[in-house]
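Heads up: the structure comes next, in structure tokens.
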Ligand code: G6Q
């Protein structure tokens, strides 16, 4: 039996329903229904989702919940939390939720409870991070380790980068953290230039411990340290986070200084594991655990709340509505909080690597679009760059606005201005400005009749552009945990509906393999690798320029 969701009855119903709603203005829906905001707002503790500024009505949501049920979403949620091997291509459980299973109830994989090993690693992270923070675990020359450098890429980088920045206010005052990810030597050079080897601790974060970028960067950093302090210094300045003990030892890191994680934690879902060691060092294990508590609250909400009141489910279904029925294949995330500036980059990997798939779990090519292009940046900055297109471009771009009610830095009226802006953006996108209103505005501003005629179209806004507003009290560790878990589950729900495996990433492999073929050619000792004429010409030109 085919598992193409596009062949279901409810999919067709949604298609029919789309025809009725596509020309309806949200502005009018708000005018006709005083309770609209109330109806389409949902709150979990200090996180509130207002999804009323979407091109939906109650019927839309009813059909979408039916769609979710028909796709066995409720069963699939249970399967993930139970530890079933829902990563079908790699035959793995998907258990980032076990890392924040604060109730510590057993979760079984292959007949074994995974919780004891998770707790053991957290205890080791606590001991180590406290020892470093208190200056008990010192560098080779007896100095306190105050510079933390995480070496990792993709899922072993983006989470720690994002979370460390998000929780900067909680950093130990005398410590700083740095991230080296790109293979470009500049990434290493620019970090190492500023550091003193005696006070620097490197964390080599790599699930496989074979990733070329990370291992090359790690070797460069190792050499830098050994050149300054000698071979014996490595034990005090290098730790590893990995699943691969053998490779860690080979690199010269004592397995005692290795923090383990497991196959059931996907790279882009791993910031909750020891991959978050840089964060634990910077903010302390208590704060790290508060982040886990927040994620756990969202997990419980996701697993235990009916679909109609379930925040990640609602976000996911609205995304499907735009993607598959309006044909909108892009989506923006705009946090109005400087500390969350790297959240869009983090979510870009989470969403696009998880749901950028064209084959269903059953190996059938889909005939509907799956994951959208996700982009974003911090507000208000983005208002001064790509928001022009979001307001007046020909393409509709649904956005999520994220805003904390309270700032960590209440300086003058900065935060009030920030909040006023995010609210104004949502309202402006929804309402727009008709040509008539634009003309009236110009007349009121004293423009001549000719000027009004000339400018009224340029000054008009079609409106009816959707946004979600996610309001939180403050960006603290708990809230960050809630927010990230919310998006993880949203991605899960969409993957279930599209019937794709959100937990592999085979699409990144082809380019990697081809790079391995090209490398010896650039180094001048290649034999008979054939390329298209463009690639061959580029290789030749690079060699020529270097001469
Ligand atoms: C994430 C991906 C990918 C991965 C990196 C780093 O889900 O699998 O981004 O995290 O390729 O891999 P290693 O941790 O094995 O170095």
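What follows is calculated from the coordinates using simple rules that are stated; it is not laboratory data. Keep in mind that this is a model prediction, so the values were computed, not measured. We place every Cβ from the backbone using ideal geometry, glycine too, and count neighbours over all the protein chains shown.
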Checklist entry - Can you give the angle from 0 to 90° between the axis of helix 115-133 and the longest principal axis of the chain, with both taken from C-alpha atoms, to the nearest 10? => result 70
Item to check | Distance between the range 170-220 and the range 231-301 - C-alpha centres, whole angstrom | outcome: 15
Checklist entry - In degrees, nearest 10, range 0 to 90: what is the angle between the Cα axis of helix 73-82 and the longest Cα principal axis of the chain? => result 20
Item to check | Principal axis dimensions, largest first and in whole angstrom, of the range 184-254 by Cα | outcome: 30, 28, 15
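Out of the DSSP beta bridges found with both residues in the range 138-290, what percent are antiparallel (nearest 5)?
On the way: 1 of 18 bridges.
So the antiparallel bridges in the range 138-290 amount to around 5 percent.
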Checklist entry - What spacing in nm lies between the two simple spin-label points modelled at residue 105 and residue 127, each 7 Å away from Cα in the Cβ direction? => result 3.0
Item to check | the range 1-142: translational diffusion in µm²/s, Stokes-Einstein, Kirkwood Rh over Cα pairs, 4 °C, 1.567 mPa s | outcome: 64
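Provide the percentage of antiparallel DSSP beta bridges, counting only those with both residues in the chain; round to the nearest 5. Let's see the in-between values first.
Details: 14 of 45 bridges.
Taking every DSSP beta bridge with both residues in the chain, the antiparallel ones total about 30 percent.
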Checklist outcome for this item: Bounding extents of the range 412-547 in its principal axis frame from Cα atoms, largest first in Å, are 74, 49, 41
Next on the checklist: At R0 = 22 Å, how high is the FRET efficiency between residue 173 and residue 228 if r is their beta carbon distance? Nearest 0.05 is fine.
Outcome noted: 0.25
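Sorting 462, 181, 242 on the 10 Å Cβ count, fewest up front, what's the list? All intermediate terms of the calculation are to be shown ahead of the outcome.
Numbers: 462 16, 181 20, 242 27.
The most exposed by this proxy come first: 462, 181, 242.
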Next on the checklist: Going by average Cβ density within 10 Å per residue, which order do the peptides 375-382, 504-511 take, highest to lowest?
Outcome noted: 375-382, 504-511
Checklist outcome for this item: Fewest-first ordering of 512, 361 by Cβ atoms within 10 Å yields 512, 361
Checklist entry - Could you give the distance between the Cα centres of the range 507-547 and the range 79-136, to the whole Å? => result 41
Item to check | Rg ratio (alpha-carbon, reference 2.2 N^0.38 Å) - the range 92-201 | outcome: 1.30
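Would you mind calculating the relative contact order of the chain from Cα pairs under 8 angstrom and at least 6 residues apart, reporting the percent as a whole number? Could the numbers behind the result be given before it?
Working: 878 pairs, mean separation 102.8, N = 547.
The normalised contact order for the chain reaches 19 percent.
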Item to check | Cα centroid separation, the range 455-479 to the range 376-429 (Å) | outcome: 6
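Which FRET efficiency value, to the nearest 0.05, is calculated for residue 517 and residue 25 with the Förster distance at 45 angstrom and r the Cβ-Cβ distance? Before the final figure, lay out the partial values.
Working: r = 55 Å, r/R0 = 1.22.
The value I calculate is 0.25.
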Checklist outcome for this item: the range 73-201: antiparallel bridges as % of DSSP beta bridges, rounded to 5, reads 35
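With the contact rule set at Cα under 8 Å and sequence spacing of 6 or more, what percent relative contact order holds for the range 359-436?
Details: 20 pairs, mean separation 19.9, N = 78.
With pairs under 8 Å counted, the relative contact order is 25 percent.
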Checklist outcome for this item: Checking rank on 95-101, 20-26, with mean other Cβ inside 10 Å and highest first, the result is 95-101, 20-26
Checklist outcome for this item: In whole percent, the Cα-Cα distances of the range 207-353 spread across 5 Å bins from 0 upward as 2, 7, 11, 15, 18, 14, 12, 8, 6, 4, 2, 1, 0
Item to check | the range 189-306, relative contact order [Cα under 8 Å, separation at least 6], % | outcome: 22
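With N set to the number of residues, divide the alpha-carbon radius of gyration of the range 344-389 by 2.2 N^0.38 Å and report two decimals.
1.56
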Item to check | Inter-site label distance for residue 384 and residue 79 at 7 Å from Cα along Cβ, in nm | outcome: 4.9
Checklist entry - Which value does Rg/Rh take for the chain over its C-alpha atoms, Rh per Kirkwood? => result 1.00
Next on the checklist: Using 5 Å bins from zero, what percent of all Cα-Cα pairs in the range 443-497 falls into each bin?
Outcome noted: 4, 13, 12, 11, 10, 8, 7, 7, 8, 11, 8, 1
Next on the checklist: Along the Cα→Cβ direction, 7 angstrom out, place labels at residue 330 and residue 436. What is the inter-label distance in nm?
Outcome noted: 3.1
Item to check | residue 309/residue 444 FRET efficiency (R0 41 Å; Cβ-Cβ; nearest 0.05) | outcome: 0.40
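From the helices alone, meaning DSSP H stretches of at least four residues, give me the mean residue ellipticity at 222 nm for the chain, per-run term -39500 (n - 2.57), in deg cm²/dmol to the nearest 500. List each step's numbers first, then the result.
On the way: 23 runs with 257 residues, N = 547.
Computed ellipticity for the chain at 222 nm equals -14500 deg cm²/dmol.
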Next on the checklist: Using only Cα atoms and rounding to the nearest 10 degrees, what angle (0 to 90) does helix 533-546 make with the longest principal axis of the chain?
Outcome noted: 50
Next on the checklist: Only counting other Cβ atoms within 10 Å, I'd like 358, 65 sorted with the fewest neighbours first.
Outcome noted: 358, 65
